[in-house]
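Participant: The structure that follows is given in the form of structure tokens.
Just so it is clear, none of the values below were taken in a lab; they were calculated from the coordinates. Because the structure is predicted, anything quoted here is derived from the model rather than measured. We place every Cβ from the backbone using ideal geometry, glycine too, and count neighbours over all the protein chains shown.
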Amino acid sequence: MENLIKVDARGLSCPQPVVLTMNALKTPASRYEITVDNHTAEQNVSRYLKKAGKIVPATADGDDITLIAE
């Protein structure tokens, strides 16, 4: 069974989405899904995840952007 952690950072301005992501990565999981709703948060969270060694594809659904970290 896949171990999934979801982070909902919609409506938050930086650095809050990155801080929530940092805290989530402290808990081991096979997959993390971080949802943001603005381009700046997407860029900052994506940059952090890549530095943490995660593969980061993103999907968009309206204003919501979900970053998948594995």
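Participant: With n ≥ 4 as the cut-off for DSSP H runs, can you work out [θ] at 222 nm for the chain, using -39500 (n - 2.57) per run divided by the number of residues, rounded to the nearest 500? Intermediate values should be presented prior to the final figure.
Facilitator: Numbers: 2 runs with 23 residues, N = 70.
Value at 222 nm, helices only, nearest 500: -10000 deg cm²/dmol.
Participant: Given points 7 Å out from each Cα along the Cα-Cβ axis, report the residue 22 to residue 10 separation in nanometres with one decimal.
Facilitator: Label-label distance for residue 22 and residue 10, simple model: 2.5 nm.
Participant: Another question, then. In degrees from 0 to 90, rounded to the nearest 10, what is the angle of the helix 16-25 Cα long axis to the longest principal axis of the chain?
Facilitator: Long axis of 16-25 versus the principal axis of the chain: about 10 degrees.
Participant: Kirkwood-based Rg over Rh for region 1-55 (C-alpha set), two decimals?
Facilitator: Working: Rg = 10.6 Å, Rh = 11.2 Å.
In region 1-55, Rg relative to Rh is 0.95.
Participant: Given points 7 Å out from each Cα along the Cα-Cβ axis, report the residue 60 to residue 40 separation in nanometres with one decimal.
Facilitator: Result for the modelled spin labels: 1.8 nm.
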